[in-house]
Amino acid sequence: MTEGEHKATYSGFIALLGKPNVGKSTLLNTLLGVKVAPITPKPQTTRRGVRGIYTQDDRQLVFVDTPGLHRAKDALGDYMNREVRNALIDVDIALWVVDLRRPPSDEDKGVARLLKGIDPATPIYLIGNKVDAAKYPDEALRLYHELLPNAAKVLSLSALNDPEAVYALRDELLQQLPAGPFFFPSNIRSDQSRETWAAELIRESAMIHLRQELPYAVAVQVLEWRDPAEPSEPLYLQAELWVEKPNHRMIVLGKGGAMIKEIGRTARKQLEVFLSQRIYLDLEVVVRRDWREDPEALRELGYE
(Lines give C-alpha, C1' and ligand atoms only; values in the text may rest on other atoms or scores of the structure.)
Protein backbone atom coordinates (compact mmCIF):
# COMPACT_ATOMS: atom_id res chain seq x y z
CA MET A 1 0.00 0.00 0.00
CA THR A 2 1.50 3.30 -1.06
CA GLU A 3 1.46 6.47 1.01
CA GLY A 4 -1.90 8.16 0.87
CA GLU A 5 -3.81 4.98 0.10
CA HIS A 6 -6.34 3.70 2.63
CA LYS A 7 -7.08 0.10 3.41
CA ALA A 8 -10.55 -0.95 2.26
CA THR A 9 -13.07 -1.50 5.06
CA TYR A 10 -16.37 -3.38 5.19
CA SER A 11 -19.32 -2.65 7.43
CA GLY A 12 -23.04 -3.21 7.75
CA PHE A 13 -26.11 -3.25 10.00
CA ILE A 14 -27.54 -6.58 11.15
CA ALA A 15 -31.04 -6.54 12.71
CA LEU A 16 -32.06 -9.21 15.22
CA LEU A 17 -35.80 -9.62 15.52
CA GLY A 18 -38.43 -12.06 16.69
CA LYS A 19 -41.25 -12.34 19.18
CA PRO A 20 -40.54 -11.79 22.90
CA ASN A 21 -38.31 -14.21 24.81
CA VAL A 22 -36.79 -16.17 21.92
CA GLY A 23 -33.20 -15.38 22.92
CA LYS A 24 -32.29 -12.37 20.76
CA SER A 25 -30.36 -10.61 23.52
CA THR A 26 -28.54 -13.80 24.50
CA LEU A 27 -27.53 -14.25 20.87
CA LEU A 28 -26.32 -10.65 20.67
CA ASN A 29 -24.22 -10.94 23.81
CA THR A 30 -22.63 -14.17 22.58
CA LEU A 31 -21.93 -12.68 19.15
CA LEU A 32 -20.14 -9.77 20.83
CA GLY A 33 -18.41 -11.73 23.57
CA VAL A 34 -19.58 -9.18 26.13
CA LYS A 35 -22.90 -8.38 27.79
CA VAL A 36 -24.53 -5.27 26.33
CA ALA A 37 -28.21 -6.30 26.56
CA PRO A 38 -30.25 -7.40 29.59
CA ILE A 39 -31.40 -11.02 29.78
CA THR A 40 -34.18 -12.58 31.87
CA PRO A 41 -36.60 -15.47 31.37
CA LYS A 42 -39.43 -12.93 31.18
CA PRO A 43 -40.76 -11.54 27.87
CA GLN A 44 -40.23 -7.88 26.94
CA THR A 45 -36.95 -7.58 28.83
CA THR A 46 -35.54 -5.61 25.89
CA ARG A 47 -37.38 -2.30 25.50
CA ARG A 48 -35.14 -0.36 23.13
CA GLY A 49 -33.01 -1.06 20.09
CA VAL A 50 -29.56 -1.81 21.49
CA ARG A 51 -26.65 -1.56 19.06
CA GLY A 52 -23.77 -3.93 19.61
CA ILE A 53 -20.58 -3.41 17.63
CA TYR A 54 -18.14 -6.14 16.67
CA THR A 55 -14.98 -5.12 14.80
CA GLN A 56 -12.43 -7.56 13.41
CA ASP A 57 -9.53 -6.19 11.38
CA ASP A 58 -11.09 -4.34 8.42
CA ARG A 59 -14.69 -5.43 9.07
CA GLN A 60 -17.38 -4.08 11.40
CA LEU A 61 -20.74 -5.64 12.25
CA VAL A 62 -23.32 -3.34 13.83
CA PHE A 63 -26.00 -5.53 15.42
CA VAL A 64 -29.35 -3.98 16.34
CA ASP A 65 -31.14 -5.96 19.06
CA THR A 66 -34.85 -5.17 18.98
CA PRO A 67 -37.69 -5.58 21.48
CA GLY A 68 -39.95 -8.56 20.88
CA LEU A 69 -42.73 -7.78 18.41
CA HIS A 70 -45.99 -8.10 20.35
CA ARG A 71 -49.52 -6.71 20.67
CA ALA A 72 -48.99 -3.38 22.38
CA LYS A 73 -51.11 -2.50 25.42
CA ASP A 74 -49.71 0.95 26.22
CA ALA A 75 -47.53 3.76 24.88
CA LEU A 76 -44.38 1.90 25.92
CA GLY A 77 -45.51 -1.11 23.87
CA ASP A 78 -46.14 1.14 20.87
CA TYR A 79 -42.61 2.52 21.21
CA MET A 80 -41.13 -0.99 21.39
CA ASN A 81 -42.92 -2.09 18.21
CA ARG A 82 -41.75 1.06 16.41
CA GLU A 83 -38.20 0.16 17.41
CA VAL A 84 -38.62 -3.18 15.63
CA ARG A 85 -39.90 -1.61 12.41
CA ASN A 86 -37.27 1.15 12.45
CA ALA A 87 -34.51 -1.43 12.83
CA LEU A 88 -35.43 -2.91 9.45
CA ILE A 89 -34.84 0.32 7.56
CA ASP A 90 -31.65 0.13 5.49
CA VAL A 91 -30.28 -3.01 7.16
CA ASP A 92 -27.85 -5.21 5.28
CA ILE A 93 -28.94 -8.53 6.83
CA ALA A 94 -31.91 -9.50 9.04
CA LEU A 95 -31.69 -12.33 11.58
CA TRP A 96 -35.10 -13.79 12.47
CA VAL A 97 -34.67 -15.63 15.77
CA VAL A 98 -37.28 -18.26 16.70
CA ASP A 99 -37.72 -20.64 19.64
CA LEU A 100 -37.51 -24.27 18.46
CA ARG A 101 -39.17 -25.53 21.63
CA ARG A 102 -42.52 -24.39 20.25
CA PRO A 103 -44.29 -24.21 16.88
CA PRO A 104 -44.97 -20.79 15.32
CA SER A 105 -47.43 -18.59 17.19
CA ASP A 106 -49.51 -15.66 15.92
CA GLU A 107 -46.67 -13.37 17.03
CA ASP A 108 -44.18 -15.37 14.95
CA LYS A 109 -46.51 -15.11 11.96
CA GLY A 110 -46.62 -11.35 12.49
CA VAL A 111 -42.82 -11.18 12.39
CA ALA A 112 -42.81 -13.24 9.17
CA ARG A 113 -45.32 -10.83 7.58
CA LEU A 114 -43.15 -7.89 8.59
CA LEU A 115 -40.07 -9.49 7.05
CA LYS A 116 -41.87 -10.18 3.79
CA GLY A 117 -42.33 -6.43 3.43
CA ILE A 118 -38.65 -5.44 3.59
CA ASP A 119 -36.37 -4.87 0.61
CA PRO A 120 -36.22 -8.19 -1.30
CA ALA A 121 -32.47 -7.69 -1.74
CA THR A 122 -31.92 -7.92 2.03
CA PRO A 123 -30.83 -11.45 3.02
CA ILE A 124 -32.86 -12.96 5.87
CA TYR A 125 -31.35 -15.64 8.10
CA LEU A 126 -33.84 -17.87 9.90
CA ILE A 127 -32.17 -18.88 13.17
CA GLY A 128 -33.77 -21.61 15.23
CA ASN A 129 -32.63 -21.01 18.80
CA LYS A 130 -32.72 -23.25 21.91
CA VAL A 131 -32.16 -26.36 19.78
CA ASP A 132 -30.63 -28.14 22.77
CA ALA A 133 -33.90 -27.83 24.72
CA ALA A 134 -36.29 -28.62 21.86
CA LYS A 135 -38.06 -31.98 21.59
CA TYR A 136 -38.72 -31.79 17.84
CA PRO A 137 -36.34 -29.10 16.55
CA ASP A 138 -36.32 -30.17 12.88
CA GLU A 139 -40.11 -30.22 12.65
CA ALA A 140 -40.38 -26.84 14.37
CA LEU A 141 -37.77 -25.30 12.08
CA ARG A 142 -39.63 -26.63 9.03
CA LEU A 143 -42.84 -24.92 10.20
CA TYR A 144 -41.02 -21.62 10.66
CA HIS A 145 -39.36 -21.97 7.25
CA GLU A 146 -42.79 -22.42 5.65
CA LEU A 147 -43.70 -18.95 6.94
CA LEU A 148 -40.67 -17.45 5.20
CA PRO A 149 -39.63 -19.77 2.35
CA ASN A 150 -37.37 -17.12 0.80
CA ALA A 151 -34.98 -17.10 3.77
CA ALA A 152 -31.41 -16.92 2.47
CA LYS A 153 -30.13 -19.28 5.18
CA VAL A 154 -31.73 -21.57 7.76
CA LEU A 155 -29.83 -22.89 10.77
CA SER A 156 -30.25 -24.17 14.32
CA LEU A 157 -28.14 -23.34 17.36
CA SER A 158 -28.17 -22.64 21.08
CA ALA A 159 -27.20 -19.03 21.75
CA LEU A 160 -26.71 -19.86 25.42
CA ASN A 161 -24.92 -23.20 25.30
CA ASP A 162 -23.19 -23.46 21.91
CA PRO A 163 -20.91 -20.46 21.46
CA GLU A 164 -18.93 -22.16 18.67
CA ALA A 165 -22.05 -22.24 16.47
CA VAL A 166 -22.65 -18.56 17.21
CA TYR A 167 -19.05 -17.68 16.35
CA ALA A 168 -19.39 -19.60 13.07
CA LEU A 169 -22.46 -17.49 12.28
CA ARG A 170 -20.51 -14.34 13.14
CA ASP A 171 -17.65 -15.37 10.83
CA GLU A 172 -20.12 -15.88 7.98
CA LEU A 173 -21.75 -12.49 8.58
CA LEU A 174 -18.35 -10.81 8.49
CA GLN A 175 -17.82 -12.17 5.00
CA GLN A 176 -21.21 -10.86 3.79
CA LEU A 177 -20.50 -7.20 4.55
CA PRO A 178 -20.47 -4.61 1.77
CA ALA A 179 -17.55 -2.23 1.36
CA GLY A 180 -17.96 0.90 3.45
CA PRO A 181 -16.51 2.98 6.30
CA PHE A 182 -16.78 1.99 9.94
CA PHE A 183 -19.80 3.51 11.70
CA PHE A 184 -18.21 3.38 15.17
CA PRO A 185 -14.70 3.43 16.64
CA SER A 186 -13.19 -0.04 16.56
CA ASN A 187 -12.71 -0.21 20.34
CA ILE A 188 -16.35 0.10 21.47
CA ARG A 189 -18.95 -2.66 21.79
CA SER A 190 -22.18 -0.66 22.19
CA ASP A 191 -23.62 2.76 21.41
CA GLN A 192 -25.35 2.96 24.79
CA SER A 193 -24.23 5.54 27.31
CA ARG A 194 -22.70 4.05 30.44
CA GLU A 195 -25.70 5.31 32.43
CA THR A 196 -28.21 3.59 30.13
CA TRP A 197 -26.19 0.36 30.22
CA ALA A 198 -26.08 0.40 34.04
CA ALA A 199 -29.80 1.20 34.26
CA GLU A 200 -30.60 -1.80 32.06
CA LEU A 201 -28.55 -4.15 34.26
CA ILE A 202 -30.35 -2.85 37.35
CA ARG A 203 -33.72 -3.33 35.62
CA GLU A 204 -32.67 -6.85 34.65
CA SER A 205 -32.05 -7.62 38.33
CA ALA A 206 -35.47 -6.21 39.26
CA MET A 207 -37.19 -8.33 36.59
CA ILE A 208 -35.46 -11.47 37.85
CA HIS A 209 -36.49 -10.96 41.47
CA LEU A 210 -40.00 -9.55 41.03
CA ARG A 211 -42.97 -11.75 40.15
CA GLN A 212 -46.03 -11.67 37.92
CA GLU A 213 -46.84 -8.42 36.10
CA LEU A 214 -44.94 -5.99 38.33
CA PRO A 215 -41.58 -6.28 36.50
CA TYR A 216 -43.12 -4.70 33.40
CA ALA A 217 -44.20 -1.65 35.41
CA VAL A 218 -40.64 -0.96 36.62
CA ALA A 219 -38.22 1.45 34.93
CA VAL A 220 -34.75 2.50 36.04
CA GLN A 221 -33.00 5.83 35.65
CA VAL A 222 -29.39 6.43 36.70
CA LEU A 223 -29.20 9.88 38.29
CA GLU A 224 -25.50 10.06 39.12
CA TRP A 225 -22.33 8.26 38.08
CA ARG A 226 -19.40 9.47 40.16
CA ASP A 227 -15.98 8.04 39.49
CA PRO A 228 -13.79 7.56 42.56
CA ALA A 229 -11.27 10.24 43.46
CA GLU A 230 -8.88 7.59 44.84
CA PRO A 231 -8.25 4.01 43.61
CA SER A 232 -9.25 2.67 47.02
CA GLU A 233 -12.71 4.27 46.81
CA PRO A 234 -15.75 2.67 45.12
CA LEU A 235 -17.56 4.02 42.07
CA TYR A 236 -20.78 5.69 43.21
CA LEU A 237 -23.97 5.00 41.27
CA GLN A 238 -27.32 6.51 42.24
CA ALA A 239 -30.45 5.24 40.51
CA GLU A 240 -34.22 5.43 40.81
CA LEU A 241 -36.57 2.53 40.23
CA TRP A 242 -39.89 3.86 38.97
CA VAL A 243 -43.16 2.12 39.78
CA GLU A 244 -46.71 3.16 38.99
CA LYS A 245 -48.53 2.64 42.30
CA PRO A 246 -47.75 3.03 46.03
CA ASN A 247 -48.44 -0.67 46.67
CA HIS A 248 -45.93 -1.53 43.92
CA ARG A 249 -43.36 0.52 45.81
CA MET A 250 -43.93 -1.53 48.93
CA ILE A 251 -43.46 -4.76 46.95
CA VAL A 252 -40.20 -3.56 45.39
CA LEU A 253 -38.91 -2.43 48.77
CA GLY A 254 -39.95 -5.69 50.43
CA LYS A 255 -40.28 -6.39 54.12
CA GLY A 256 -37.67 -4.38 55.96
CA GLY A 257 -36.17 -3.38 52.61
CA ALA A 258 -35.19 -7.00 51.85
CA MET A 259 -36.30 -7.00 48.19
CA ILE A 260 -34.56 -3.78 47.13
CA LYS A 261 -31.42 -4.98 48.91
CA GLU A 262 -31.50 -8.22 46.93
CA ILE A 263 -32.11 -6.37 43.66
CA GLY A 264 -29.20 -4.08 44.45
CA ARG A 265 -26.90 -6.94 45.49
CA THR A 266 -27.46 -8.84 42.22
CA ALA A 267 -27.06 -5.72 40.07
CA ARG A 268 -23.96 -4.59 41.95
CA LYS A 269 -22.25 -7.97 41.48
CA GLN A 270 -22.79 -7.80 37.71
CA LEU A 271 -21.66 -4.20 37.45
CA GLU A 272 -18.51 -4.92 39.47
CA VAL A 273 -17.63 -7.85 37.21
CA PHE A 274 -18.01 -5.85 34.01
CA LEU A 275 -16.39 -2.66 35.33
CA SER A 276 -13.67 -4.46 37.34
CA GLN A 277 -14.05 -2.15 40.33
CA ARG A 278 -15.96 -1.84 43.58
CA ILE A 279 -19.31 -0.08 43.37
CA TYR A 280 -21.52 1.68 45.87
CA LEU A 281 -25.03 1.30 44.43
CA ASP A 282 -27.59 3.71 45.90
CA LEU A 283 -31.14 2.70 44.89
CA GLU A 284 -34.39 4.50 45.62
CA VAL A 285 -37.92 3.39 44.70
CA VAL A 286 -40.24 6.21 43.61
CA VAL A 287 -43.86 6.29 42.44
CA ARG A 288 -44.31 7.77 38.96
CA ARG A 289 -47.97 7.17 38.24
CA ASP A 290 -48.82 5.58 34.89
CA TRP A 291 -45.34 6.30 33.51
CA ARG A 292 -45.89 3.80 30.67
CA GLU A 293 -48.63 6.08 29.28
CA ASP A 294 -46.88 9.38 30.04
CA PRO A 295 -45.05 10.82 26.97
CA GLU A 296 -42.90 13.08 29.16
CA ALA A 297 -41.85 10.16 31.37
CA LEU A 298 -41.05 8.01 28.33
CA ARG A 299 -38.89 10.79 26.87
CA GLU A 300 -37.10 11.16 30.20
CA LEU A 301 -36.25 7.46 30.10
CA GLY A 302 -35.08 7.69 26.50
CA TYR A 303 -38.09 5.86 24.97
CA GLU A 304 -38.79 8.28 22.13
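Does residue 281 satisfy the condition of being closer than 13 Å to residue 198 by Cα and not assigned by TED's automatic domain parsing to the domain that holds residue 36? Outline the logic, then answer.
On the way: closer than 13 Å to residue 198 by Cα: yes; not assigned by TED's automatic domain parsing to the domain that holds residue 36: yes.
Against the criterion (closer than 13 Å to residue 198 by Cα and not assigned by TED's automatic domain parsing to the domain that holds residue 36), residue 281 qualifies.
Each row is one residue, and each column tells you yes or no for (1) polar (S, T, N, Q); (2) more than 14 Å from residue 12 (Cβ to Cβ).
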| residue | (1), (2) |
| --- | --- |
| 169 | no, yes |
| 173 | no, no |
| 181 | no, no |
| 192 | yes, yes |
| 198 | no, yes |
| 201 | no, yes |
| 219 | no, yes |
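Take residue 254 and tell me if it is free of Cβ contacts under 8 Å to residues at least 12 places away in the same chain, small (Gly, Ala, Ser) and in contact with a helix residue (DSSP H, G or I) (Cβ under 8 Å, 6 or more places away or on another chain).
On the way: free of Cβ contacts under 8 Å to residues at least 12 places away in the same chain: yes; small (Gly, Ala, Ser): yes; in contact with a helix residue (DSSP H, G or I) (Cβ under 8 Å, 6 or more places away or on another chain): yes.
Answer is yes for this residue.
For residue 151, state whether it is under 20 Å from residue 32 (Cβ atoms) and not aromatic (Phe, Trp, Tyr). Outline the logic, then answer.
Details: under 20 Å from residue 32 (Cβ atoms): no; not aromatic (Phe, Trp, Tyr): yes.
Criteria not met by residue 151.
Among the helices (runs of 4 or more DSSP H) lying completely within region 106-211, list those that include at least 1 residues that are at negative phi, of a type in the set (Gly, Ala, Ser) and touching a residue at least 24 places away in the same chain (Cβ under 8 Å). Can you show your working first?
Details: elements: 106-116, 137-147, 163-175, 194-209.
Correct list: 106-116, 137-147, 194-209.
Among (1) surrounded by fewer than 16 Cβ atoms within 10 Å (Cβ to Cβ); (2) at pLDDT below 95; (3) in contact with a strand residue (DSSP E or B) (Cβ under 7 Å, 6 or more places away or on another chain), there is one condition residue 108 misses while meeting the rest; what is its number?
If we test residue 108 against (1) surrounded by fewer than 16 Cβ atoms within 10 Å (Cβ to Cβ); (2) at pLDDT below 95; (3) in contact with a strand residue (DSSP E or B) (Cβ under 7 Å, 6 or more places away or on another chain), just (1) comes out false.
Looking at (1) modelled with pLDDT under 90; (2) in contact with a Ser or Thr (Cβ under 7 Å, 6 or more places away or on another chain), which is the only condition residue 267 fails?
(1)
Taking only region 22-77 into account, find how many residues are at pLDDT 70 or above, out of contact with any strand residue (DSSP E or B) (no Cβ under 7 Å at 6 or more places or on another chain) and closer than 20 Å to residue 193 by Cβ. Show your work before the answer.
Of region 22-77, the ones at pLDDT 70 or above are 22-36, 50-66.
Checking the rest, the ones that are also out of contact with any strand residue (DSSP E or B) (no Cβ under 7 Å at 6 or more places or on another chain) come to 26, 29-30, 33-35, 55-57.
Next cut, closer than 20 Å to residue 193 by Cβ only: 29, 34-35, 55.
Qualifying residue count, region 22-77: 4.
The rows are residues; the columns are (1) out of contact with any Lys or Arg (no Cβ under 6 Å at 6 or more places or on another chain); (2) surrounded by fewer than 17 Cβ atoms within 10 Å (Cβ to Cβ); (3) of a type in the set (Asp, Glu).
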residue: 161; (1), (2), (3): yes, yes, no
residue: 171; (1), (2), (3): yes, yes, yes
residue: 185; (1), (2), (3): yes, yes, no
residue: 201; (1), (2), (3): yes, no, no
residue: 205; (1), (2), (3): yes, no, no
residue: 208; (1), (2), (3): yes, no, no
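Where in region 221-304 are there helices (runs of 4 or more DSSP H), lying wholly inside it, with at least 1 residues that are buried (at least 17 other Cβ atoms within 10 Å of the Cβ) and over 24 Å from the mean Cα position of the chain (by Cα)?
On the way: elements: 246-253, 258-275, 295-300.
In region 221-304, the matching helices (runs of 4 or more DSSP H) lie at 246-253, 258-275.
Among (1) farther than 23 Å from residue 190 by Cβ; (2) of a type outside the set (D, E, K, R); (3) at pLDDT below 90, there is one condition residue 274 misses while meeting the rest; what is its number?
The failed condition is (1).
Report the residue count in region 88-105 for those that are part of a loop (DSSP other than H, G, I, E, B) and over 18 Å from residue 26 (Cβ atoms). Quick ask: steps written out before the conclusion?
Looking only at region 88-105, we keep the residues that are part of a loop (DSSP other than H, G, I, E, B), and these are 88-92, 100-105.
Narrowing further to those that are over 18 Å from residue 26 (Cβ atoms): 88-92, 103-105.
Residues meeting the conditions: 8.
Which ones in region 170-216 are of a type in the set (Val, Ile, Thr) and modelled with pLDDT under 90? Reasoning before the result, please.
Step one: of region 170-216, the residues of a type in the set (Val, Ile, Thr) are 188, 196, 202, 208.
Hits for region 170-216 are 188, 196, 208.
How many residues are among the acidic types (Asp, Glu) and either within 20 Å of residue 66 (Cα to Cα) or in contact with a Gly (Cβ under 7 Å, 6 or more places away or on another chain) (or both) if we restrict to region 112-156? It would help to see each step written out before you state the result.
Going through region 112-156, the residues among the acidic types (Asp, Glu) turn out to be 119, 132, 138-139, 146.
Adding the requirement that they be either within 20 Å of residue 66 (Cα to Cα) or in contact with a Gly (Cβ under 7 Å, 6 or more places away or on another chain) (or both) leaves 119.
Final tally of qualifying residues: 1.
Any residue that is within 19 Å of the chain's Cα centre (by Cα) and closer than 30 Å to residue 57 by Cβ - is there at least one of those in region 97-110?
First, the residues of region 97-110 that are within 19 Å of the chain's Cα centre (by Cα): 97-99, 107-108.
Okay, now just the ones that are also closer than 30 Å to residue 57 by Cβ, so 97.
Yes, region 97-110 has at least one match.
May I ask you to verify whether residue 260 is under 29 Å from residue 294 (Cα atoms) and in contact with a Gly (Cβ under 7 Å, 6 or more places away or on another chain)?
Working: under 29 Å from residue 294 (Cα atoms): yes; in contact with a Gly (Cβ under 7 Å, 6 or more places away or on another chain): yes.
So residue 260 passes the test.
The values are calculated or read from the model by the stated rules, or taken from the named source; none is laboratory data. It should be emphasised that the depicted structure is a prediction, and the values quoted were computed from it without experimental measurement. Positions of Cβ are generated from backbone atoms using ideal geometry, with glycine treated the same way; all protein chains shown enter the neighbour counts.
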